[in-house]
Amino acid sequence: MMLFTTFFPPLIGLAMLIQAFTQNGAQDGLLFLITPDFSRLSDSKVWLEATFMAFYSLGPAWGGILVMGSHVKFHSNCLRNVLIGAIGDVCISVFSSVVLFAVIGVMAKEINIPVENVVKSGMSIGMVGYSRALTYLPAPYIWAVMFFFAITIVGIDAQVVCTETVVSCMEGFSSRLGRHRHLILVILVSLFSFLGNLPFCTQAGPYMFQFVDWYWPTWSVLVIALLEVIAIMWFYGGDRIDYGLKDMNGRKMPHLFRLVAAYISPVLFLFLLLTSFVMYQSPKYGSYEYPDDTRVIGWALSFTVVIPIPLYIVWQFAKLQGTLKQRWSILTQPSSAWGPSDSAHRLEYLERSQAERSLTDIAYYNLTGRQRYPSKKHCETVALQCTD
């Protein structure tokens, strides 16, 4: 099903592109797409929107990648999967842009206006462009049914990943639902999502969608991504990641990947987050400007995603005994339940995971890929965990 829904829409897009090339104006749209405007590179808003689009397209910090990765076999080549996913995403995005702008060029030629006057920001440009492209094909109603059926299935595929992410999280707190709790949670989450999205199907739906999309997934996903790279590369550590990758694939993380994850990504995410706050503008839908009172609602929506993170940290601190340093040391150590299920690999992993490392040791390894000196092991802790 995933193979069908992945490759079927591009095939229809290819038919649209071929048909658009038979019309006047397609080349104007393509020239507008590929002609660089280097002055825009100094516009921070361009980089900010490009980053948000990369988050939407690739899906980091949403949780879906972690859930899909948890179903992969232990010895699968996860580095290869990352490269295939990223390259495939770029290729599909470029191809979709070529199809869309070829159609926009035809539309601009028909109404005799410049291409840049047709290109307006907003969530509807893609759907309007593709819908218009369908009219150029023979038997457009049949093509329209096929295209929107494919788009609907692709949307459902994407929602399956999001639903599984929520359900996987909730399963840890729903043991009382019995052995069918996964199915029950899927039904409940789907029903709640269906009811919650009904208002977007009204005439006010586009305005509400633009408002929610403006506040909810933007700043929060940057904050989550920033915390993820810090937690993984600076608390868990690049050395532990390399140990795990060597057990799975027989090789370490590429040095460039480590440098980007440990040093470049945190700085970039923090810079983009601060830039987005400085350049903040109230949302607009076409010529409609939202009332000032809606800003409070919008920021409340943004913080509902991020606030649980510090609250959970405080709750974990309150549960433990000892000084703040002792509690912090315990909370930043990998859980004894984390690691390979195979006993032979698990014993070696536990020995490595309990190594004493300072922040300087982690920074040195993230920078060079080598340890500063042999680390000491918490032998008693390891022995106790292995016994458990």
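Quick rundown of the values:
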quantity	calculated
Residue pairs meeting the criteria (Cβ under 7 Å; at least 6 apart or on separate chains; first over 24 Å from residue 357 (Cα atoms), in region 306-332; second part of a helix (DSSP H, G or I) and open to solvent by less than 70 Å² (accessible area, probe 1.4 Å))	306/220; 306/223
Lone unmet requirement of (1) open to solvent by 40 Å² or more (accessible area, probe 1.4 Å); (2) farther than 30 Å from residue 47 by Cα for residue 178	(1)
Filter result (part of a loop (DSSP other than H, G, I, E, B) and not charged (D, E, K, R)) within region 177-218	178, 180, 202, 203, 204, 216, 217, 218
Hits in region 199-215 - residues which are open to solvent by 80 Å² or more (accessible area, probe 1.4 Å) and not aromatic (Phe, Trp, Tyr)	201, 203
Some residue of region 132-141 being open to solvent by 70 Å² or more (accessible area, probe 1.4 Å), farther than 30 Å from residue 264 by Cα and within 25 Å of the chain's Cα centre (by Cα)	no
Of all residues in region 203-246 being without any contact (Cβ under 8 Å) to a residue 40 or more places away in the chain and in contact with a helix residue (DSSP H, G or I) (Cβ under 8 Å, 6 or more places away or on another chain), the one that is farthest from residue 59 (Cα to Cα)	205
Criterion: part of a helix (DSSP H, G or I) and open to solvent by 30 Å² or more (accessible area, probe 1.4 Å) - qualifying residue of 221, 260	260
Test: residue in region 376-383 that is under 33 Å from the mean Cα position of the chain (by Cα) and either at pLDDT below 85 or among the hydrophobic types (A, V, I, L, M, F, W, C) (or both)	no
Pair list, Cβ under 9 Å, 6 or more apart: region 181-202 residue farther than 15 Å from residue 165 by Cβ, other residue among the charged types (D, E, K, R) and part of a helix (DSSP H, G or I)	181/171
Meets criteria (in a helix (DSSP H, G or I), among the aromatic types (Phe, Trp, Tyr) and either open to solvent by less than 70 Å² (accessible area, probe 1.4 Å) or at positive phi (or both)) for residue 269	yes
Residue, least open to solvent (accessible area, probe 1.4 Å), within region 28-70, restricted to residues that are assigned to a helix (DSSP H, G or I) and aromatic (Phe, Trp, Tyr)	55
Close pairs from region 337-366: first within 16 Å of residue 246 (Cα to Cα) and in contact (Cβ under 8 Å) with a residue 60 or more places away in the chain, partner open to solvent by less than 50 Å² (accessible area, probe 1.4 Å) and assigned to a loop (DSSP other than H, G, I, E, B), Cβ under 6 Å, at least 6 apart	349/339; 349/340; 353/334
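The values are calculated or read from the model by the stated rules, or taken from the named source; none is laboratory data. Just so we're clear, the structure is a prediction, and the values are computed from it rather than from any experiment. Positions of Cβ are generated from backbone atoms using ideal geometry, with glycine treated the same way; all protein chains shown enter the neighbour counts. Heavy atoms of the whole protein, side chains included, go into the accessibility calculation; ligands, DNA and RNA do not. Shrake-Rupley method; radii C 1.70, N 1.55, O 1.52, S 1.80 Å.
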